Amino acid sequence: MKTSQVVVLMVLTAVVAVLGTLAVVNHVPASVHAPPDREAMVHEMGGQVMPFSLDSTTHVFEMTTTGGVQQVVAKDPADSAQIGLIRQHLRHEAMQFQNGDFSDPMALHGKDMPGLKELSAGAEQVHVEFMPLPDGGQITFTTSDLPLLTAIHRWFGAQLSDHGADATYR
């Protein structure tokens with residue numbers, strides 16, 4: 001097989017994995033989402049891990065062909081206190097994640113959260129970047145490793161489920 005054919009095959013494999021993940025996320029029946037008591041527990045415990053108010057913010061997840069983007073935005077774009085807390089937290093988390101430290105998500109969602117074991121072990125193959133937004137901040141995860149791409153998507157899906165009404169998919 002020629003090098004160009006291998007590259008095309010790898011790209012097609014990644015695209016199929018992303019499309020499959022997106023199909024699952026967009027068509028998950030309500031019965032497989034986290035039970036209401038788990039969503040309430042995550043919402044209640046969120047203040048122990050995140051300095052901003054879950055009532056005043058929204059988590060936004062976007063799965064991409066190279067990883068994903070996680071945003072936290074203030075519901076009130078003029079709420080400078082929440083925006084400052086979001087940026088402080090996400091900047092810190094991005095540094096931790098780049099070093100393979102996912103202890104904060106584990107503290108909130110559990111140590112067996114889908115994708116975290118793989119992301120912790122393969123952190124050197126995932127580029128993690130924080131960026132401030134006018135109404136909050138975002139962390140971008142990028143990898144060319146297909147198993148880590150899948151781990152990012154599984155992790156995002158688990159967060160969407162656990163955060164329930166506090167999160168949305170874009």
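At-a-glance table
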read-out	value
GLN48 being out of contact with any strand residue (DSSP E or B) (no Cβ under 9 Å at 6 or more places or on another chain), over 21 Å from THR168 (Cβ atoms), modelled with pLDDT of 55 or more and loosely packed, with under 13 Cβ neighbours inside 10 Å	yes
Counted residues, region 115-164 - those being of a type in the set (D, E, K, R) and in contact with an Asp or Glu (Cβ under 6 Å, 6 or more places away or on another chain)	0
Residue list for region 119-147, restricted to those being among the aliphatic types (A, V, I, L, M) and touching a residue at least 60 places away in the same chain (Cβ under 8 Å)	LEU133, ILE139, LEU146
Cβ-Cβ under 7 Å pairs, at least 6 apart or on other chains, region 150-167 side at pLDDT below 90, far side surrounded by fewer than 20 Cβ atoms within 10 Å (Cβ to Cβ) and among the small types (Gly, Ala, Ser)	SER161/ALA34; ASP162/ALA34; GLY164/ALA34
Filtered residue count, region 134-169, keeping only those that are of a type in the set (A, V, I, L, M, F, W, C), under 13 Å from the mean Cα position of the chain (by Cα) and over 18 Å from GLN98 (Cα atoms)	3
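Let's see how each residue does on (1) surrounded by fewer than 18 Cβ atoms within 10 Å (Cβ to Cβ); (2) basic (Lys, Arg):
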{"residue": "PHE52", "(1), (2)": "no, no"}
{"residue": "HIS59", "(1), (2)": "no, no"}
{"residue": "GLN71", "(1), (2)": "no, no"}
{"residue": "ALA74", "(1), (2)": "no, no"}
{"residue": "ALA78", "(1), (2)": "yes, no"}
{"residue": "ALA81", "(1), (2)": "yes, no"}
{"residue": "ARG91", "(1), (2)": "yes, yes"}
{"residue": "ALA94", "(1), (2)": "no, no"}
{"residue": "PHE97", "(1), (2)": "no, no"}
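The values are calculated or read from the model by the stated rules, or taken from the named source; none is laboratory data. Here the structure is a predicted model, which means the values were calculated and not measured. Positions of Cβ are backbone-derived with ideal geometry, glycine not excepted, and every protein chain shown enters the neighbour counts.
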